[in-house]
């Protein structure tokens with residue numbers, strides 16, 4: 001689809017001009033489509049999204065105390081994540097989602113809580129709430145993510161069964 005030269009590009013439609021130099025040396029315009037997603041529509045169509053911080057991801061990857069079950073539990077928590085990182089889910093429900101016995105889920109949750117990957121929240125109607133640490137990932141606006149990272153406890157590194165000093169993941173903030 002070509003647009004007339006005197007018509008400005010329609011930024012909402014994603015139609016832009018690609019300018020290139022022709023064989024005769026003259027600049028030529030060619031319409032190009034760029035995809036600029038509508039976040040709300042995409043979240044509904046694709047089932048949600050979150051931002052994960054790379055340095056936290058690397059720190060977790062290096063954490064030798066995390067087991068495969070811990071990673072699977074964390075994946076369920078990420079999948080059930082609500083805005084501003086709140087999660088309302090029982091350990092039994094987590095176990096059913098990944099076919100793991102509740103005591104193993106409980107041990108994984110304890111490790112994730114000790115490392116401050118997961119933060120405890122209040123119980124509502126008999127079900128415990130949790131909050132994924134915004135130092136690791138965040139679901140919500142980028143403005144709220146930055147604010148939450150500044151106000152949240154840092155991840156804890158555990159080596160050899162002893163707690164080590166907390167490492168700031170965002171030294172500038």
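The values are calculated or read from the model by the stated rules, or taken from the named source; none is laboratory data. Because the structure is a prediction, the values reported are computed rather than measured. Note that each Cβ is placed from the backbone with ideal geometry, even for glycine, and that neighbours are counted across all protein chains shown.
Of everything in the stretch 83-95, what is over 13 Å from residue 119 (Cα atoms) and surrounded by 15 or more Cβ atoms within 10 Å (Cβ to Cβ)? Give them in sequence order.
Here is the first cut: in the stretch 83-95, the residues over 13 Å from residue 119 (Cα atoms) are 83, 89-95.
Within the stretch 83-95, 89, 91, 94, 95 qualify.
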Next item on the list: Within the stretch 77-102, track down each residue that is more than 30 Å from residue 143 (Cβ to Cβ) and either assigned to a loop (DSSP other than H, G, I, E, B) or touching a residue at least 40 places away in the same chain (Cβ under 8 Å) (or both).
Entry: 90, 99, 100, 101
Next item on the list: Could you list, in sequence order, all residues of the stretch 56-70 that are surrounded by 15 or more Cβ atoms within 10 Å (Cβ to Cβ), out of contact with any strand residue (DSSP E or B) (no Cβ under 8 Å at 6 or more places or on another chain) and closer than 14 Å to residue 136 by Cα?
Entry: 59, 60
Check: Restricting the search to the stretch 150-162, which residues are at pLDDT below 75 and out of contact with any helix residue (DSSP H, G or I) (no Cβ under 8 Å at 6 or more places or on another chain)?
Finding: 152, 153, 154, 159, 160, 161, 162
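Look through 43, 13 and report the one residue that is surrounded by 13 or more Cβ atoms within 10 Å (Cβ to Cβ), at pLDDT below 80, at negative phi and not in a strand (DSSP E or B). Step through it out loud before you land on a result.
Numbers: 13 fails: surrounded by 13 or more Cβ atoms within 10 Å (Cβ to Cβ).
Matching residue, one of 43, 13: 43.
Here is a check on your reading of the model: is residue 136 crowded, with 18+ Cβ neighbours inside 10 Å, modelled with pLDDT of 95 or more and in contact with a helix residue (DSSP H, G or I) (Cβ under 7 Å, 6 or more places away or on another chain)? Explain how you work it out, then say what you get.
Numbers: crowded, with 18+ Cβ neighbours inside 10 Å: yes; modelled with pLDDT of 95 or more: no; in contact with a helix residue (DSSP H, G or I) (Cβ under 7 Å, 6 or more places away or on another chain): yes.
Considered against the rule, which asks whether it is crowded, with 18+ Cβ neighbours inside 10 Å, modelled with pLDDT of 95 or more and in contact with a helix residue (DSSP H, G or I) (Cβ under 7 Å, 6 or more places away or on another chain), residue 136 comes out as no.
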Checklist line | Test set (1) touching a residue at least 60 places away in the same chain (Cβ under 8 Å); (2) assigned to a helix (DSSP H, G or I); (3) in contact with a strand residue (DSSP E or B) (Cβ under 9 Å, 6 or more places away or on another chain) - residue 74 fails condition number | finding: (1)
